[in-house]
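Take a look at the structure below.
The values are calculated or read from the model by the stated rules, or taken from the named source; none is laboratory data. Since we're looking at a predicted model, the values are computed, not measured. Note: areas computed on protein heavy atoms with side chains; ligands, DNA, RNA excluded. Shrake-Rupley method; radii C 1.70, N 1.55, O 1.52, S 1.80 Å.
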Amino acid sequence: MSVYISVELQTKIRHCFADCCAYCRTAEYLTVTTFEFEHIIPRSAGGETVFENLCLSCPSCNRYKATRQTAIDPNTQEEVKIFHPQQQSWIAHFTWNEDATEIIGLTAVGRSTINALKMNRSQLIRVRKMWVKMGEHPPNF
(Lines give C-alpha, C1' and ligand atoms only; values in the text may rest on other atoms or scores of the structure.)
Protein backbone atom coordinates (compact mmCIF):
# COMPACT_ATOMS: atom_id res chain seq x y z
CA MET A 1 0.00 0.00 0.00
CA SER A 2 1.40 3.36 -0.95
CA VAL A 3 1.43 6.30 1.42
CA TYR A 4 0.97 9.97 0.60
CA ILE A 5 4.17 12.00 0.49
CA SER A 6 3.64 15.72 0.01
CA VAL A 7 5.06 17.42 -3.07
CA GLU A 8 7.19 19.58 -0.77
CA LEU A 9 8.71 16.52 0.90
CA GLN A 10 9.24 14.79 -2.46
CA THR A 11 11.08 17.88 -3.74
CA LYS A 12 13.27 17.97 -0.62
CA ILE A 13 14.19 14.28 -1.00
CA ARG A 14 14.93 14.65 -4.72
CA HIS A 15 17.17 17.63 -3.96
CA CYS A 16 18.97 15.78 -1.15
CA PHE A 17 19.82 12.86 -3.43
CA ALA A 18 20.35 14.96 -6.59
CA ASP A 19 17.73 12.93 -8.48
CA CYS A 20 19.92 9.83 -8.12
CA CYS A 21 19.30 6.51 -6.41
CA ALA A 22 20.51 6.78 -2.83
CA TYR A 23 21.94 3.26 -3.06
CA CYS A 24 23.44 2.61 -6.52
CA ARG A 25 23.80 6.29 -7.48
CA THR A 26 22.11 5.83 -10.85
CA ALA A 27 20.84 9.15 -12.19
CA GLU A 28 17.12 9.03 -12.86
CA TYR A 29 17.43 10.98 -16.12
CA LEU A 30 19.58 8.17 -17.56
CA THR A 31 16.79 5.65 -17.16
CA VAL A 32 13.33 5.12 -18.56
CA THR A 33 11.79 4.69 -15.11
CA THR A 34 10.50 7.00 -12.45
CA PHE A 35 12.38 6.64 -9.20
CA GLU A 36 10.53 5.87 -5.99
CA PHE A 37 10.41 7.33 -2.52
CA GLU A 38 11.62 4.53 -0.30
CA HIS A 39 11.13 4.07 3.43
CA ILE A 40 14.60 3.24 4.72
CA ILE A 41 13.13 1.66 7.83
CA PRO A 42 10.04 -0.01 6.41
CA ARG A 43 6.63 1.11 7.57
CA SER A 44 5.97 -2.51 8.55
CA ALA A 45 8.84 -2.16 11.05
CA GLY A 46 7.56 1.14 12.42
CA GLY A 47 9.33 3.43 9.95
CA GLU A 48 7.67 6.81 9.59
CA THR A 49 6.96 8.83 6.48
CA VAL A 50 9.34 11.65 7.41
CA PHE A 51 12.34 13.17 5.63
CA GLU A 52 14.84 11.36 7.88
CA ASN A 53 13.40 7.97 6.89
CA LEU A 54 12.92 8.53 3.17
CA CYS A 55 15.26 8.42 0.21
CA LEU A 56 15.07 8.32 -3.56
CA SER A 57 15.57 4.83 -4.94
CA CYS A 58 15.62 3.31 -8.39
CA PRO A 59 12.93 0.62 -8.74
CA SER A 60 15.57 -2.11 -8.86
CA CYS A 61 17.26 -1.19 -5.57
CA ASN A 62 13.88 -0.60 -3.97
CA ARG A 63 12.60 -4.05 -4.98
CA TYR A 64 15.74 -5.88 -3.86
CA LYS A 65 15.78 -3.96 -0.57
CA ALA A 66 12.07 -4.50 0.07
CA THR A 67 11.71 -4.62 3.86
CA ARG A 68 15.33 -5.58 4.55
CA GLN A 69 17.22 -3.80 7.27
CA THR A 70 20.11 -6.23 7.49
CA ALA A 71 22.08 -8.42 5.12
CA ILE A 72 25.04 -10.77 5.19
CA ASP A 73 28.55 -9.38 4.63
CA PRO A 74 29.96 -11.71 1.96
CA ASN A 75 33.47 -11.41 3.45
CA THR A 76 32.66 -12.29 7.07
CA GLN A 77 29.28 -14.03 6.71
CA GLU A 78 28.04 -11.84 9.57
CA GLU A 79 24.67 -10.12 9.52
CA VAL A 80 25.00 -6.33 9.51
CA LYS A 81 22.67 -3.39 9.02
CA ILE A 82 22.47 -2.27 5.43
CA PHE A 83 23.34 1.25 4.33
CA HIS A 84 21.10 4.02 5.72
CA PRO A 85 21.31 6.87 3.16
CA GLN A 86 20.04 9.52 5.57
CA GLN A 87 22.39 8.63 8.44
CA GLN A 88 25.49 7.39 6.65
CA SER A 89 27.77 8.82 3.99
CA TRP A 90 27.87 6.94 0.68
CA ILE A 91 31.60 7.61 0.21
CA ALA A 92 32.37 6.16 3.64
CA HIS A 93 30.94 2.79 2.61
CA PHE A 94 31.28 2.65 -1.19
CA THR A 95 33.55 3.67 -4.01
CA TRP A 96 33.71 3.03 -7.74
CA ASN A 97 36.17 0.65 -9.38
CA GLU A 98 38.77 2.16 -11.74
CA ASP A 99 36.42 2.50 -14.72
CA ALA A 100 33.38 3.49 -12.58
CA THR A 101 31.29 0.52 -13.67
CA GLU A 102 31.22 -1.44 -10.41
CA ILE A 103 30.51 -0.32 -6.88
CA ILE A 104 33.05 -1.53 -4.34
CA GLY A 105 32.11 -1.98 -0.70
CA LEU A 106 34.62 -0.38 1.66
CA THR A 107 32.94 -1.66 4.82
CA ALA A 108 30.74 -4.53 5.95
CA VAL A 109 27.76 -2.19 5.50
CA GLY A 110 28.82 -1.42 1.93
CA ARG A 111 29.56 -5.02 0.99
CA SER A 112 26.32 -6.36 2.46
CA THR A 113 24.26 -3.64 0.76
CA ILE A 114 25.88 -4.24 -2.63
CA ASN A 115 25.22 -7.95 -2.28
CA ALA A 116 21.63 -7.66 -1.02
CA LEU A 117 20.56 -5.04 -3.56
CA LYS A 118 22.48 -6.74 -6.42
CA MET A 119 24.06 -3.39 -7.28
CA ASN A 120 26.68 -4.91 -9.60
CA ARG A 121 24.47 -7.09 -11.79
CA SER A 122 25.95 -7.69 -15.23
CA GLN A 123 23.18 -5.62 -16.86
CA LEU A 124 24.03 -2.61 -14.66
CA ILE A 125 27.74 -2.92 -15.37
CA ARG A 126 27.00 -3.01 -19.10
CA VAL A 127 24.81 0.10 -19.02
CA ARG A 128 27.26 1.93 -16.73
CA LYS A 129 29.96 1.35 -19.37
CA MET A 130 27.77 3.16 -21.90
CA TRP A 131 27.05 5.99 -19.46
CA VAL A 132 30.78 6.41 -18.74
CA LYS A 133 31.50 6.63 -22.49
CA MET A 134 28.79 9.29 -22.76
CA GLY A 135 30.38 11.25 -19.91
CA GLU A 136 27.22 10.86 -17.82
CA HIS A 137 28.52 8.57 -15.07
CA PRO A 138 29.45 8.45 -12.24
CA PRO A 139 27.44 11.29 -10.73
CA ASN A 140 29.58 13.86 -8.96
CA PHE A 141 27.87 14.68 -5.70
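At a glance:
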item: Rh by Kirkwood over Cα pairs, then Stokes-Einstein D for the chain at 1.306 mPa s and 10 °C, µm²/s; result: 103
item: GNM flexibility winner over the chain from LEU56, LEU30, LEU117 (Cα, springs under 10 Å); result: LEU30
item: Hits among lysines - C-alpha to C-alpha of LYS118 under 25 Å, sequence gap 8 or more where chains match; result: LYS65, LYS81, LYS129, LYS133
item: Theoretical ellipticity at 222 nm over the chain - DSSP helices of four or more residues, -39500 (n - 2.57) apiece, nearest 500; result: -8500 deg cm²/dmol
item: Heavy atoms of CYS24 accessible to a 1.4 Å probe, total area in Å² rounded to 10; result: 0
item: Accessible area of THR31 in the full protein assembly, 1.4 Å probe (Å², nearest 10); result: 40
